Amino acid sequence: MNFWRRVKRGAPPPDIGDRRVYAIGDVHGCADLLDALLAMIAQDDKDRARKPISLILLGDLVDRGPQSCAVVETVMALAASGGDVRCLKGNHEEAFVLAARGDLRALPLFRRMEGEATLASYGLEPALFRVMTDAELVDWMESHVPRAHVDFLDALPDSIAMGDYLFVHAGIRPGVPIGNQSPADLRWIRQEFLAHRGRHPSMIVHGHSISEDVDEQASRIGIDTGAFLSGRLTALGLEGTSRWTLQTKP
């Protein structure tokens, strides 16, 4: 595999530990693709030797696709199911939560991030979204977006460390210790992270930056395959030093 040939000679491959982990890339309102991928994960897990399971979603559940509300409800149900299911806060969750909590300063950003599709999934006609003022949108969100959804998204963590891996939404700032990374970088960073060719303290698994297929580099793996555009929602499977991918088909 090309990835392992890029690993420094003599350095051991990253190890997730004695469990099986499935990391899911940016869903962006594609509830049907999430349901299909979860079914694929369940079958893949069934076909392998029994192991403790962790499911990690890398954030950006909302915006762009047509079913953000349904995606949030699915992830909330998974998190409440009793299994080890965790989700990161993406930059789209950040903007959505700020807007839903009444921060008028977040509305221009929320509009640019295709929040129209998100509010349509909660019942707001797109034509109204385009003519409503920011103050009117804030009032509508406070009345129509369930506070349980807002509280759930607001409480999501910015990173998850497991074995030799670190799961984040966007990336990390190169050269900054993991413990000193800013939440803004973990949710928003792009070019400085993607262009870095040195080693990171952990193998970074991230979404946020769309690639045609899984983006495997020496010290990071990007799994945002643009589900809302491509129809391909990707999961990265990890067990010990092994890894594989599962992906929906357009």
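The values are calculated or read from the model by the stated rules, or taken from the named source; none is laboratory data. All values reported here derive from a predicted model rather than from experimental measurement. Glycine gets a Cβ as well: all are built from the backbone with ideal geometry, and neighbour counts include every protein chain shown. Quick note on the areas: whole protein, heavy atoms, side chains included, nothing else; ligands and nucleic acids left out. Shrake-Rupley method; radii C 1.70, N 1.55, O 1.52, S 1.80 Å.
Of the residues making up region 136-191, those that are among the aromatic types (Phe, Trp, Tyr), open to solvent by less than 60 Å² (accessible area, probe 1.4 Å) and under 29 Å from LEU119 (Cα atoms) are TRP140, PHE152, PHE167.
Just one residue in the set ARG105, ARG86 is touching a Ser or Thr at 6+ places or on another chain (Cβ under 9 Å), open to solvent by 10 Å² or more (accessible area, probe 1.4 Å) and not in a loop (DSSP other than H, G, I, E, B); that residue is ARG86.
Among the residues of region 221-250, the ones that are open to solvent by 10 Å² or more (accessible area, probe 1.4 Å) and on the phi > 0 side of the Ramachandran plot come to 2 in all. Residues in region 53-71: is at least one touching a residue at least 40 places away in the same chain (Cβ under 8 Å), under 18 Å from GLN247 (Cβ atoms), surrounded by fewer than 18 Cβ atoms within 10 Å (Cβ to Cβ) and over 12 Å from the mean Cα position of the chain (by Cα)? Scanning region 53-71 turns up no residue that is touching a residue at least 40 places away in the same chain (Cβ under 8 Å), under 18 Å from GLN247 (Cβ atoms), surrounded by fewer than 18 Cβ atoms within 10 Å (Cβ to Cβ) and over 12 Å from the mean Cα position of the chain (by Cα).
How many of the residues making up region 67-83 are outside any loop (DSSP other than H, G, I, E, B) and closer than 19 Å to GLY123 by Cβ? Steps first, answer last, please.
Taking region 67-83 and keeping what is outside any loop (DSSP other than H, G, I, E, B), we get 68-79.
In the following step, the residues that additionally are closer than 19 Å to GLY123 by Cβ were identified as 68-74, 76.
Going through region 67-83 one residue at a time, the tally reaches 8.
Residues in region 90-102 that are open to solvent by less than 40 Å² (accessible area, probe 1.4 Å) and assigned to a helix (DSSP H, G or I): ASN91, HIS92, GLU93, ALA95, PHE96, VAL97, ALA99, ALA100.
Within region 112-130, being closer than 22 Å to LEU156 by Cα and either in contact with a Leu (Cβ under 8 Å, 6 or more places away or on another chain) or not hydrophobic (A, V, I, L, M, F, W, C) (or both) holds for GLU114, GLY115, THR118, LEU119, SER121, TYR122. The set of residues in region 192-220 that are among the basic types (Lys, Arg) and either in a helix (DSSP H, G or I) or open to solvent by less than 50 Å² (accessible area, probe 1.4 Å) (or both) contains only ARG220.
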